[in-house]
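Here's the structure, in structure tokens; my notes come after.
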Amino acid sequence: GDSVTQTEGPVTVSESESLIINCTYSATSIAYPNLFWYVRYPGEGLQLLLKVITAGQKGSSRGFEATYNKETTSFHLQKASVQESDSAVYYCALGPSNYNVLYFGSGTKLTVEP
Amino acid sequence: EAAVTQSPRSKVAVTGGKVTLSCHQTNNHDYMYWYRQDTGHGLRLIHYSYVADSTEKGDIPDGYKASRPSQENFSLILELASLSQTAVYFCAIRDRDTEVFFGKGTRLTVV
């Protein structure tokens, strides 16, 4: 089926350290999968962080990057130097399937310590 | 920017009671979704709708009903709430070729 697996949290890093959150996907019913990273800050709903619709391309936003790798079916999220304000829950997602449904990973809670 | 408003933001319900979660959008988007989030499971799709007066089952519909009486409103109904339905519920909207916008979530505790 269609599914997403990502780094289990929680993840704690110190400010200015680098970060990688792993994400792999399985897209059996979606012909041309799009890949997404969503972020949920405390008290807020999920919001789109970045999106890549073409294999081999890289998306970036707010210092985060992710490359759509079709060969390894991966879409890892990276940041060279995290800040305290990056503390949030990050979700990798795959879609769209019929009726624009997205499939989400389990979420990775990131805490950045000062 | 899309506006998706969920109500209530949090609720405590009694086992066996009826619970209605509401979602309202102001963007006139066709697609509306209800997701459930549990620790370790991420978001799972309960019901969705792509047109008013019609709803479809998602991946985990058992124990839930949905209602889309208008383009703007999409409700999730728990006729007989159970302990296992304690979770955070997210409403989301999307139109063709646009990103998905989420509400802030409803924290439901069934006791």
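The values are calculated or read from the model by the stated rules, or taken from the named source; none is laboratory data. Please read all numbers here as calculations on a predicted model, not as lab measurements. A quick note on method: Cβ atoms are made from the backbone with ideal geometry, for glycine too, and the neighbour counts reach across all protein chains shown.
Working carefully through the options B:VAL111, B:VAL51, find the one that is farther than 30 Å from A:ILE53 by Cα and either surrounded by fewer than 17 Cβ atoms within 10 Å (Cβ to Cβ) or touching a helix residue (DSSP H, G or I) at 6+ places or on another chain (Cβ under 6 Å) (or both). It would help to see each step written out before you state the result.
On the way: B:VAL51 fails: farther than 30 Å from A:ILE53 by Cα.
After ruling out the rest, the residue left standing is B:VAL111.
Among the residues making up segment A:42-71, those that are of a type in the set (A, V, I, L, M, F, W, C) and either in a strand (DSSP E or B) or modelled with pLDDT of 95 or more (or both) are A:LEU46, A:LEU48, A:LEU49, A:LEU50, A:VAL52, A:PHE64, A:ALA66. Note on segment A:72-114: among residues that are in a helix (DSSP H, G or I) and acidic (Asp, Glu), the one that is farthest from the other protein chains (Cβ to nearest Cβ) is A:GLU84. In the set A:ILE30, A:ILE21, only one residue is buried (at least 16 other Cβ atoms within 10 Å of the Cβ) and under 15 Å from the mean Cα position of the chain (by Cα); that residue is A:ILE21.
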